[in-house]
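As structure tokens, the structure follows; a few thoughts come after it.
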């Protein structure tokens, strides 16, 4: 009993001394009951010497990662979140990966994670050959549930490269000799690996191409636009082609080109400067789906008839009423919206207010300076 009373010290040295005394007393005791008492007292002190350091757990989210199908030579990266869910910080001793195609790109080295906190690891899958691959990420720590393991899987897919051209042919229709017309050609990488375009060339008299330079690389799904121009130097039909060379599996893409150079005879009275004389049919421009209106004052050549069309107005800028846009239209005077020498144009806004511009859209006579005299509601050019 004296041993139990004198052994209340917390120091490690006192525990050691007390344990020695317990052993000495137990051995020196000749009475069995005294030895039992001595050992019981020592057991009590051994329990007092064990102190709790708190629970430690380490969980992973997700517990498994599937990278799906990844092209050979490409890579895919996903995240793993490690969380310390106990009451004490977790010390990480080792992080290992099985499977040579898997690697950790971010988050290591990792030494410890405080209680309630988390750390993120980035795991990359970079297949070197086709086929299914499995592996694992193992995190060894002093957590109660160590090790923490995340299963990994993925599939290497043989790389495919396919370059397609849309449309596969271009028709420029009639284009005035000395003029030009441009159409767009879209190149698309429909494969699962990069395609490098080595050259884009045009053949055929009057045809040229620009917009895509040599060594242009298209990632899977990416597109590029080639601008193809037909500028005939003589009347008559002309054919040609665009050739696109690349490292795609179909290597070279060829797009056929057709067009017709036209020259209107000046000896025929009333012959139009462009288009088809006496044609009463309605035609839809061949570039209707890809047509982009030119800027105000700029021109384009209609691909069907070869007519040069100039944009004179821009309602979004020229006719703002303060709350909405006004429509614009040309105002027909007694004979024509143009003046006698075809240098000026009479226009009218949505409220019927007239003004005069030149053939580039520059205002010559603003609304406020227009004359007040009209001929049955229409202005006269000589008013």
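Is it the case that residue 200 is part of a strand (DSSP E or B), touching a strand residue (DSSP E or B) at 6+ places or on another chain (Cβ under 9 Å), surrounded by 15 or more Cβ atoms within 10 Å (Cβ to Cβ) and at pLDDT 90 or above? Taking the combined requirement at face value, the residue satisfies it. A count restricted to the stretch 180-190 and to residues that are surrounded by fewer than 23 Cβ atoms within 10 Å (Cβ to Cβ) and farther than 14 Å from residue 290 by Cα stands at 3. Filtered by the rule that a residue be within 30 Å of the chain's Cα centre (by Cα) and on the phi > 0 side of the Ramachandran plot, the stretch 86-107 gives a lone residue, 107.
Search the stretch 259-292 for residues being modelled with pLDDT of 75 or more and touching a strand residue (DSSP E or B) at 6+ places or on another chain (Cβ under 8 Å), and hand back the single one that is farthest from residue 184 (Cα to Cα). Checking each candidate, the answer is 263. Please verify whether the stretch 164-179 includes one or more residues that are touching a residue at least 24 places away in the same chain (Cβ under 8 Å), buried (at least 17 other Cβ atoms within 10 Å of the Cβ) and either in a loop (DSSP other than H, G, I, E, B) or in contact with a helix residue (DSSP H, G or I) (Cβ under 7 Å, 6 or more places away or on another chain) (or both). Yes. Quick check on the stretch 315-336. Is at least one of its residues out of contact with any helix residue (DSSP H, G or I) (no Cβ under 6 Å at 6 or more places or on another chain) and modelled with pLDDT of 70 or more? No, the stretch 315-336 has no match at all. Only one entry of 224, 214, 234 meets the criterion of being without any contact (Cβ under 8 Å) to a residue 60 or more places away in the chain, within 30 Å of residue 126 (Cβ to Cβ), touching a strand residue (DSSP E or B) at 6+ places or on another chain (Cβ under 8 Å) and in a loop (DSSP other than H, G, I, E, B), and that entry is 214. Checking each residue in the stretch 130-158 for being surrounded by fewer than 17 Cβ atoms within 10 Å (Cβ to Cβ), in contact (Cβ under 8 Å) with a residue 24 or more places away in the chain and not in a strand (DSSP E or B) picks out 130, 142, 144, 145, 158.
The values are calculated or read from the model by the stated rules, or taken from the named source; none is laboratory data. These numbers come from a predicted model, not from an experiment. Here the Cβ is made from the backbone with ideal geometry for all residues, glycine too, and neighbour counts use every protein chain on show.
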